[in-house]
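Engineer: Supplied in structure tokens, the structure appears directly below.
The values are calculated or read from the model by the stated rules, or taken from the named source; none is laboratory data. Remember, predicted model here, so these are calculated numbers, not experimental data. Using ideal geometry, Cβ is built from the backbone for each residue, glycine included, and neighbour counts are taken over all protein chains shown. We work out accessible area using only protein heavy atoms, side chains counted, and drop any ligands, DNA or RNA first. Shrake-Rupley method; radii C 1.70, N 1.55, O 1.52, S 1.80 Å.
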Amino acid sequence: MGSFPSILLAQNSSSSPSGTDASYRVIPTPYTPQNGIQQNVSVYEPYRGNECHGYRAKNISESQKGITGILELIGSPCNAYGADYPYLFLNVTYETEERVHISIRDLNSSQFQFSKRHDVWQAPLYYASTSSLNKSNVFYEFSFNADPFEFWITRKTDGEVLFDTRGNHLVFEDQYIELTTNMVDDYNIYGLAETIHGFRLGNNLTRTFWNNDEASPLDRNMYGTHPYYLEQRYKPLNSSNFTNSNQTTYSSSSHGVLMLTANGMDVLLRPKYLQYRMIGGVIDLYVYSGSSSPKETTKQYIKSIGLPQMQQYWTLGYHMCRWGYQNITEIMRVRERMHNSSIPIETFWSDVDYMHNLRDFTVDPTSYPRDQFSQFFHEIESSHQHYIPIVDAGVYAANPTNRSDDTYGPFYEGFEKDLFLKNPDGSIYIGEVWPGFAVFPDFIHPNVQEYWKHGIQNLSYAFGSNSSNYIPFSGLWLDMNEPSSFCVGSCGSELVNWNPVHPPMMLPGESSSPVFVYPNISNPSNTTEFYSAYTAVLSQYHATATTSFQTVHSTPGPLGDKPNINHPPYAINQEQGNHDLANHGVSPNATHYDGTLRYNLFNVYGYTEGKVTHQALSELQPGRRPFILTRSNFVGTGTYAAVWLGDNHSNWPNMYFSIPGMLTYNMLGIPMVGADVCGFADNSNEELCARWMELGAFSPFYRNHNSQGSSLQEPYLWGSVAEASRRAMNIRYSLLPYWYTLLNQASSEGNTIVTPLFFEFPDEPHLAEADRQFMVGDALLVSPVLDPNTTKVNGVFPGNESTVWYDWYNHTAIEHKPYENKTMDAPLEHINVAIRGSKVIPMQQPAYTTEETRENPFNLLVALDKQGTARGSLYADDGVSVTPNATLWVDFSAKSNELSSVSFGNYNVRVPLANVTILGVSSSPKQVQFNNEAVMSYNYINETKELIITKLENFTSIGAFAKNWTVSW
Ligand SMILES: OC[C@H]1O[C@H](O[C@H]2[C@H](O)[C@@H](O)[C@@H](O[C@H]3[C@H](O)[C@@H](O)[C@@H](O)O[C@@H]3CO)O[C@@H]2CO)[C@H](O)[C@@H](O)[C@@H]1O
């Protein structure tokens with residue numbers, strides 16, 4: 001009990017970053033049942049339902065909108081890992097032209113149905129209009145065999161079979177559901193987050209869905225759950241588009257598959273099949289027929305789960321964090337040193353250091369005193385900078401025998417309103433997190449909203465605010481919200497001798513001997529006494545409460561009480577503690593206010609916290625877009641929050657894995673994402689941190705964060721890191737209008753912000769695995785250095801021979817051949833960036849903060865393709881409002897030596913246009929005109945074939961895009 005696995009990555013990852021090497025896997029050890037119930041850890045010996053005979057379909061009723069029917073168990077129950085349901089209800093619904101929903105549940109609806117809990121999780125897919133749809137006008141066809149029941153879904157346009165259970169028996173038991181689809185050879189699938197793996201998942205992986213607080217374990221379950229994958233398929237064509245080339249050309253298509261559940265689940269990816277193994281719930285399968293464009297397939301998915309929220313403009317600036325800033329003076333010093341080093345910083349973050357005794361919604365009066373905070377807030381506000389504090393999910397459980405705890409309102413308020421998760425016997429579930437014993441808000445409770453808002457409001461007061469209208473922080477960072485707990489199961493009932501003032505593990509920076517220090521083992525705060533005291537307080541509460549205290553029990557299932565919740569018969573491949581579901585997180589047998597077992601909502605806690613926090617911040621700052629960063633996440637989290645990739649390590653493989661991580665979250669509707677730049681755990685070093693600061697500048701969310709006990713890693717600490725940061729940030733800040741436009745397209749259409757190469761070039765199979773390069777939007781190709789001791793980097797330049805790529809720095813066309821893995825120079829302070837011919841990129845003169853950058857003139861970078869054309873767009877608004885008073889959309893289009901700018905909307909950026917730089921201009925123009933008026937200030941550089949037009953401010957003094965204009969040359 002309580003042993004924590006070592007970090008595999010640090011030992012093994014450098015040899016096989018794809019994570020598919022068998023040597024990476026944890027060798028399963030037999031699990032010793034704690035309750036006498038045998039658990040079958042069978043991940044390595046696929047069960048595949050071969051002892052079960054499946055179901056036969058009866059009473060089928062087909063309509064234009066779908067199919068319903070009864071599935072009857074064939075033969076005697078196989079009782080693979082539970083009790084088979086004799087009858088199931090099948091409901092196939094043609095929900096949209098592109099999406100079909102296959103629902104299979106037990107006949108009496110006794111199993112938990114996540115899709116019925118709209119109070120917990122909401123998404124547009126629940127409201128699909130089916131009125132005009134019918135069998136003939138949808139893009140897919142649902143087919144089935146009745147006996148045994150098996151189904152398959154075909155895309156009508158090309159006959160591709162997208163999901164196919166033929167030959168695989170359905171198993172449907174109370175604690176085990178198995179559904180298998182056949183897969184094409186060597187399939188390309190992406191998604192199924194969250195884990196540390198290459199972007200393409202391969203066919204030798206088990207993905208487990210069980211939200212888990214663990215630092216970068218290769219191929220294992222982590223903080224988030226997204227049971228969705230996109231599959232990309234290629235078909236060879238017999239002609240070649242490449243002149244003088246024998247390369248085969250391809251067409252491609254993609255589709256998506258979502259298994260919507262918050263229950264624990266393994267998904268086995270194997271050479272011939274993909275198999276779902278769920279330990280509860282029902283089947284809610286959504287198949288998206290997709291498109292020839294993976295971008296479009298992704299939009300189908302993201303629109304169905306909820307478009308991501310639009311973020312505030314400033315969130316695109318650079319964020320600096322560290323666990324271990326001992327006092328506010330240290331943060332102020334960081335601010336000064338960043339400024340003195342001319343390295344932009346937008347947002348200062350506080351980890352738990354700022355809290356009083358590590359308790360939520362408090363501020364340490366000694367290290368972070370109010371007067372100093374007031375000064376700090378005054379200074380950062382006047383320089384347009386921001387501050388974000390952390391809030392942990394676990395609320396300190398006040399010790400009822402300790403009078404000084406009496407004033408800890410966040411506990412007593414929640415306790416009196418009965419808002420915390422419970423044990424099965426109705427007592428409050430007590431776990432352990434940083435402050436010691438902790439309780440966990442029930443974020444689906446109808447009254448939790450007011451409570452949480454009150455906590456945030458109190459935090460604001462604790463920071464020195466005197467008014468409910470003034471919140472000094474600009475957002476909140478939600479951590480430990482799987483939720484993590486350091487006890488195995490409930491602390492109160494299981495751990496009797498552990499002193500909770502220290503977590504059951506060595507903290508970063510502590511000495512190695514003794515490993516676990518329990519200074520007051522006989523202290524009254526030990527769990528037995530604490531628990532007794534607690535019970536006493538509960539009894540007192542019962543006696544005095546005006547409303548009766550609700551005692552809840554786990555709900556008996558149709559087949560009697562579930563035999564075991566913490567140790568179900570089928571053991572998913574949970575990373576923690578030998579598959580123990582109660583290890584390092586709040587146990588699945590904890591219950592919500594209405595008796596719902598956490599077992600059934602396990603993976604959605606972080607999502608619900610994000611949703612409640614979003615609502616609370618929206619009420620506290622009406623009209624303003626809340627900024628929330630969350631660690632734990634679920635399908636649809638992007639609607640409420642941004643995500644960081646959790647605790648990584650300061651090493652090269654972890655830097656590489658941040659790219660597949662960001663790409664994956666982007667295709668899952670959480671575009672605002674990034675890793676802890678320079679690495680969280682262990683010590684970073686100059687070369688790594690320089691490279692990572694460069695890479696981070698091309699992440700949507702750009703935050704340097706590290707752990708207490710690790711050496712400092714602020715970018716000014718090393719000369720090369722400072723220089724690399726300045727250069728990369730100069731690019732990032734000059735591109736802010738482009739980034740913001742991408743944010744808008746993500747939140748309005750479901751676009752990705754950082755994009756895998758194959759999304760832009762879907763007919764090039766060699767890009768299926770490319771994840772060491774990525775695109776920002778559709779115009780910039782980033783090729784970071786991901787290895788130590790090198791000043792070279794390899795990269796491909798996709799597209800056929802007519803595609804032009806320009807070097808960001810010298811503006812020359814890059815010489816490349818199709819499929820060539822080109823070696824480029826990459827000195828330490830340099831990151832390779834290429835501009836795609838055919839794109840227009842809106843930019844601004846970069847300044848120290850995003851706000852100051854917004855006050856600078858615009859520039860346009862026009863990268864012509866071989867036909868001399870280019871297109872681009874710009875979105876602008878006030879940068880903060882949920883519903884801005886005015887918005888602006890600008891279309892840029894270049895052809896036949898003319899660039900036009902056409903504006904829609906009435907937001908005026910106010911600042912003028914300064915320069916237009918056009919790449920790929922074949923010869924010096926005879927004249928340049930702005931709206932048919934001669935422009936005198938321009939320069940043509942023959943060596944680079946670029947035309948630089950300057951001093952356009954005179955033409956655009958009322959605002960760069962206040963009127964439509966043309967520039968011709
Ligand atoms: O607020 C402090 C940091 O808290 C988070 O990280 C901690 C994590 O949540 C803890 O579980 C623990 O991580 C250890 C892990 O549990 C264990 O199995 C082993 O892998 O070692 C890990 C490191 O000790 O401690 C983490 C902090 O070190 C949060 O993710 C961070 O961003 C916060 O800074």
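Engineer: Not counting ligands, DNA or RNA, and with a 1.4 Å probe, what is Lys156's accessible surface area in Å² rounded to the nearest 10?
Structural biologist: Near enough 80 Å² of accessible area.
Engineer: Determine, for each peptide in 428-438, 779-789, 314-324, 53-63, the mean count of other beta carbons within 10 angstrom over its residues, then list the peptides with the highest first.
Structural biologist: Values: 428-438: 26.2, 779-789: 19.6, 314-324: 22.9, 53-63: 15.6.
Ranking the peptides 428-438, 779-789, 314-324, 53-63 by packing returns 428-438, 314-324, 779-789, 53-63.
Engineer: How much accessible area per residue does segment 791-968 have, counting only protein heavy atoms and a probe of 1.4 Å, in square angstrom? Before the final figure, lay out the partial values.
Structural biologist: Numbers: 8020 Å² over 178 residues.
With all protein chains present, segment 791-968 gives 45 Å² per residue.
Engineer: While we're here: Å³ per residue of the Cα convex hull, for segment 791-968? Walk me through the intermediate numbers first.
Structural biologist: Details: hull volume 24.8 nm³, N = 178.
Roughly 139 Å³ of hull volume per residue.
Engineer: Further question: Assuming a ≥ b ≥ c are the square roots of the Cα gyration tensor eigenvalues, decide whether segment 287-381 counts as rounded (a/c under 1.5), prolate (otherwise, with a/b larger than b/c) or oblate.
Structural biologist: Values: a/c = 3.55, a/b = 2.18, b/c = 1.63.
Here segment 287-381 falls in the prolate category.
Engineer: Next question, about the same structure. Per DSSP H run of at least 4 residues, take -39500 (n - 2.57); add these up for the chain, divide by its residues and hand me the 222 nm value, nearest 500 deg cm²/dmol. Before the final figure, lay out the partial values.
Structural biologist: On the way: 16 runs with 174 residues, N = 969.
Per the formula, -5500 deg cm²/dmol.
Engineer: List the Cys residues of the chain that have no partner Cys with a C-beta closer than 4.7 Å.
Structural biologist: Those would be Cys321, since no other cysteine Cβ in the chain comes under 4.7 Å of theirs.
Engineer: Let me ask you something else. Using the reciprocal of the averaged 1/r over all distinct C-alpha pairs, how large is the Kirkwood radius of segment 56-305 in Å?
Structural biologist: Details: mean 1/r = 0.0523 Å⁻¹.
Radius from the Kirkwood sum: 19.1 Å.
Engineer: Provide Rg and Dmax in Å for segment 868-969, with only Cα atoms included in the calculation.
Structural biologist: Every Cα atom of segment 868-969 included, Rg and Dmax give 14.7, 47 Å.
Engineer: Calculate the FRET efficiency for Ile941 and Tyr470 from the Cβ-Cβ distance with a Förster distance of 60 Å, rounded to the nearest 0.05.
Structural biologist: Details: r = 52 Å, r/R0 = 0.87.
In this case the efficiency is close to 0.70.
Engineer: Now for a different question. How large, in percent, is the carbon and sulfur part of the accessible surface of the chain at a probe radius of 1.4 Å?
Structural biologist: Working: 15890 of 33030 Å².
Carbon-and-sulfur percentage of accessible area, whole number: 48.
Engineer: What number comes out for accessible area per residue over segment 377-473 if the probe is 1.4 Å? Units Å², please.
Structural biologist: Working: 3010 Å² over 97 residues.
Counting only protein heavy atoms, the per-residue value for segment 377-473 is 31 Å².
Engineer: Which log10 I(q)/I(0) values does the chain give at q = 0.05 Å⁻¹ under the Debye formula, counting every alpha carbon as one identical point scatterer?
Structural biologist: Per q value, in the given order, log10 I(q)/I(0) is -0.30.
Engineer: Another one. In square nanometres and to one decimal, what's the mean projected area of the convex hull around the Cα atoms of segment 270-315? Show your work: numbers first, answer last.
Structural biologist: Numbers: hull surface 25.4 nm².
Mean shadow area of the hull around the Cα atoms is 6.3 nm².
Engineer: Let me ask something additional. Hey, got the Cα dimensions of segment 210-329 along the principal axes, in Å, largest first?
Structural biologist: 67, 43, 29
Engineer: Next question, about the same structure. Using a/c under 1.5 as the rounded threshold, could you call segment 725-778 rounded, prolate or oblate? The axes a ≥ b ≥ c are square roots of the C-alpha gyration tensor eigenvalues, and prolate needs a/b larger than b/c, oblate otherwise. All intermediate terms of the calculation are to be shown ahead of the outcome.
Structural biologist: On the way: a/c = 3.48, a/b = 1.39, b/c = 2.50.
Verdict is oblate for segment 725-778.
Engineer: To continue, here is another question. Let me check against my output: what whole-number percent is the relative contact order of the chain, with C-alpha pairs under 8 Å and at least 6 apart?
Structural biologist: Working: 2394 pairs, mean separation 106.2, N = 969.
Computed over the chain, the figure is 11 percent.
Engineer: Can you pull the accessible area of His386 for me, 1.4 Å probe, Å² to the nearest 10?
Structural biologist: 30
Engineer: Can you tell me the accessible area per residue over segment 56-305, all protein chains present, probe 1.4 angstrom, in square angstrom? Mind showing how you got there, number by number?
Structural biologist: Numbers: 7910 Å² over 250 residues.
Averaged over the residues of segment 56-305, the accessible area is 32 Å².
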